[in-house]
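Derivation of every value follows stated rules applied to the coordinates shown; laboratory data play no part. All values derive from a computational prediction rather than experimental measurement. Cβ placement follows ideal geometry from the backbone for every residue including glycine, while neighbour counts extend to all protein chains displayed.
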Amino acid sequence: MGKTETPLTYSVTFDTQNIDDSSSLVVKKVIDPATTVDTLPEEPIKTGYYFAGWFTEINGAGTEFTAGTTVTSDITVYAKWCVA
């Protein structure tokens, strides 16, 4: 009997940075052969701000993360907020 290989699985954690709704973290899994999250979580809401995308570093620094971004390891991405 051959050894069954477990498919590679990566977690993408979407950190909304203490938004006004009930969940500040959303996790999506990318399971081989997939290489992207395919769809992003629903846009978060924060009173007095507008959501400007997901980024690899806090405050919109780093690289923008989209549904088509290739995922090759576990990663946390952060909501970018701009004053409304």
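Label point of L8 set 7 angstrom out along Cα-Cβ; within segment 29-54, amide nitrogens under 20 Å from it belong to 29-39.
Rounded to the nearest 20, the Cβ-based charge dipole of the chain about its Cα centre (Lys and Arg +1, Asp and Glu -1) stands at 100 debye. When both bridge partners sit in the chain, DSSP labels roughly 80% of those beta bridges antiparallel.
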